[in-house]
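Notes to accompany the following structure.
What follows is calculated from the coordinates using simple rules that are stated; it is not laboratory data. From a predicted model like this one, the values you see are computed outputs, not experimental measurements. All Cβ positions, glycine included, derive from the backbone under ideal geometry; neighbour counts span all protein chains shown.
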């Protein structure tokens with residue numbers, strides 16, 4: 001059935017935020033909260049009223065187009081202007097809850113639009129700013145658009161499971177993930193084992209909704225999930241089986257879609273992944289060769305040779321409702337613009353714009369992209385799940401943290417001389433900020449995760465450009481040593497990037513754990529400065545996804561293009577921290593992959 005924005009939802013109390021805060025998460029923001037979307041000259045001259053809308057990343061490109069078209073209208077006798085800023089849902093919720101600080105959070109928004117209303121509920125319950133007030137009005141927020149969570153599967157794989165005639169759910173995926181025969185069970189040994197892409201539920205709305213859906217599926221219910229259900233041994237075994245099929249986690253689902261499209265270009269899409277838990281609109285974006293969903297890049301890449309299809313979980317699913325949330329500190333002039341802009345967003349032409357990119361309307365109506373040719377069955381029946389009670393949700397997330405796939409990670413930190421330079425406007429060196437970011441991110445690892453630490457510049461250990469500071473071992477054993485060695489790093493030397501990258505990957509291949517996410521986190525502020533040794537082509541030729549690279553290009557001098565190619569060669573992800581003062585958020589986003 002179609003999603004109804006008036007459908008009541010169960011309340012979510014502080015437990016999700018408590019989990020997030022306890023492990024120091026920043027909710028997966030690639031840049032920073034309040035990063036401005038204002039790049040054009042003002043649409044107004046003379047007396048005006050401007051509002052800033054903090055939007056989740058998924059719909060930001062369309063919102064910016066719409067806001068540009070809207071700006072310049074007259075509202076209550078003033079020229080209206082709307083600026084759209086990028087703000088991850090969880091990060092913005094935390095900033096609003098503690099009291100927005102422009103110095104660290106960016107320019108204060110007037111309207112907030114996270115990916116789901118659950119973040120608004122959390123804000124109401126957790127607000128503890130300077131005056132203790134909640135910056136949102138009572139009542140249920142109004143959606144801008146809606147989208148259900150689906151299993152996005154390469155079409156041949158879905159068809160092998162019986163799609164579209166047969167209903168497919170978490171039970172089928174869990175059974176396939178646990179079967180040592182893998183896809184050979186369905187006559188396709190060439191596809192290998194079942195591999196799932198799913199974001200971290202402490203960061204991402206799609207990851208949270210998918211995790212809740214898996215627990216519901218394990219118990220066979222669509223509502224009233226209980227604490228006893230979560231503790232049940234069979235439930236835990238079911239969820240653990242699903243999690244062991246994970247390729248890696250992460251902060252945004254676009255990482256999986258971008259990697260998949262590159263694999264499709266190589267004719268290897270089904271070797272990369274078997275299913276991704278994402279919103280329905282992302283399936284149609286991908287099938288048009290535009291995994292980012294950015295209108296500016298639509299048409300610049302051909303559609304994939306192997307399309308995705310949107311499989312609606314037979315056990316039920318949850319919707320992202322993208323609420324429009326006016327914040328209570330607006331003055332009357334800006335409030336008038338905010339109200340008028342919402343009316344504009346709900347107008348038929350604007351709703352049609354969103355629907356042309358695969359979203360459902362604010363009223364749940366499907367658009368022209370919802371076709372079988374685009375992988376969506378428009379008349380499919382969808383069972384809507386109810387969110388569990390706060391206590392049970394707390395137990396879901398606590399249980400997930402125990403059952404998620406383990407990490408086996410080597411952290412490699414650049415300590416070359418350029419890391420001594422001051423990070424503009426911070427009063428601290430790049431290295432000092434990077435050390436703090438790495439130390440702050442360590443609590444995200446579980447005690448039985450394995451982590452090691454290298455530092456590199458040039459000639460760190462004889463002719464080697466790297467030095468092992470902490471051997472790879474369980475965090476429960478070497479946690480203090482990791483913190484001490486990071487804290488004691490000093491800068492000096494050049495940047496021996498290629499040799500160090502190759503050595504780190506080969507080290508992890510030797511320490512590979514079949515039951516874990518095997519990866520290298522590689523932070524550098526420069527480019528390769530070593531003559532001789534490996535060159536880029538030689539390095540790229542020796543990389544593959546058996547060890548994934550997650551690179552951080554740190555500061556303005558980092559060779560972002562090269563780091564992106566290195567990460568993509570392993571089906572990992574490249575993170576851009578050109579602004580050195582964003583390294584804490586970026587480092588935390590990187591560790592969300594584990």
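Key figures for this structure:
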item	result
Between segment 398-458 and segment 481-530, the alpha-carbon center distance in angstrom	10 Å
Debye equation applied to the C-alpha atoms of segment 424-491, log10 I(q)/I(0) at 0.11, 0.22, 0.28 Å⁻¹	-0.30, -0.97, -1.22
Per-residue Cβ neighbour rank within 10 angstrom, fewest leading, 301, 248	301, 248
Segment 406-591: C-alpha gyration tensor shape, a/c 1.5 cut-off, then a/b vs b/c	rounded
In nm, spacing of pseudo-spin labels at residue 484 and residue 185 (7 Å Cα→C-beta vector)	4.7 nm
Full-stretch length increase - residue 140, residue 509 - with 0.36 nm per residue and alpha-carbon distance subtracted	127.8 nm
Counting DSSP beta bridges with both ends in segment 406-591, the antiparallel % (nearest 5)	25 percent
Additional length obtainable on full extension of the chain from residue 428 to residue 300, 0.36 nm per residue less Cα span	42.0 nm
Gained length - residue 133 relative to residue 372, 0.36 nm times residue gap less alpha-carbon distance	81.2 nm
Taking segment 406-591 and dividing mean pair separation by its residue count, relative contact order in percent (alpha carbons under 8 Å, at least six apart)	25 percent
Spin-label model distance (nm) - residue 69 vs residue 342, 7 Å beyond Cα toward Cβ	2.1 nm
Inter-site label distance for residue 476 and residue 383 at 7 Å from Cα along Cβ, in nm	3.8 nm
Likely footprinting exposure, 59, 140, fewest C-beta neighbours within 10 Å first	140, 59
Calculated FRET value between residue 363 and residue 227, using beta carbons and R₀ = 30 Å, to 0.05	0.25
For the chain, share of DSSP beta bridges that run antiparallel, in % to the nearest 5	40 percent
Segment 214-365: C-alpha gyration tensor shape, a/c 1.5 cut-off, then a/b vs b/c	oblate
Computed over the chain: relative contact order in percent, which uses C-alpha pairs under 8 Å that are six or more apart	17 percent
Likely footprinting exposure, 78, 52, fewest C-beta neighbours within 10 Å first	78, 52
